[in-house]
Amino acid sequence: MHVPAGETPSAPPSLASGADLPVPEGAPRTLAGLLRQASEAAEPGRVVRVRRDGTERVLCYREVRERAER
């Protein structure tokens, strides 16, 4: 469904249900903590931003975290 910029789609809210996800002992309890842990991993993931012109900008999780903390 195409929604023009600045407009909100009119659709019912979604609902997800199911069993709780298992949380390992010692796992971060917040999204911020989880993102920090991911950014400090030996092989952190990365985010690929695709610009309007099709070029890509690759940022590792550490770079994303550092930008967010500024």
**OP:** Name the residue, out of Ala27, Ala42, Ala32, that is within 18 Å of the chain's Cα centre (by Cα) and either modelled with pLDDT of 85 or more or assigned to a loop (DSSP other than H, G, I, E, B) (or both).
**Re:** Ala27
Original post:
If you go through segment 42-70, how many residues are aliphatic (A, V, I, L, M), farther than 14 Å from Ala32 by Cα and in contact with a helix residue (DSSP H, G or I) (Cβ under 9 Å, 6 or more places away or on another chain)?
Top reply: 2
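The values are calculated or read from the model by the stated rules, or taken from the named source; none is laboratory data. Treat the numbers as computed from the prediction; the structure is a model and nothing was measured. All Cβ positions, even for glycine, are placed from backbone atoms using ideal geometry, and neighbour counts span all protein chains on display.
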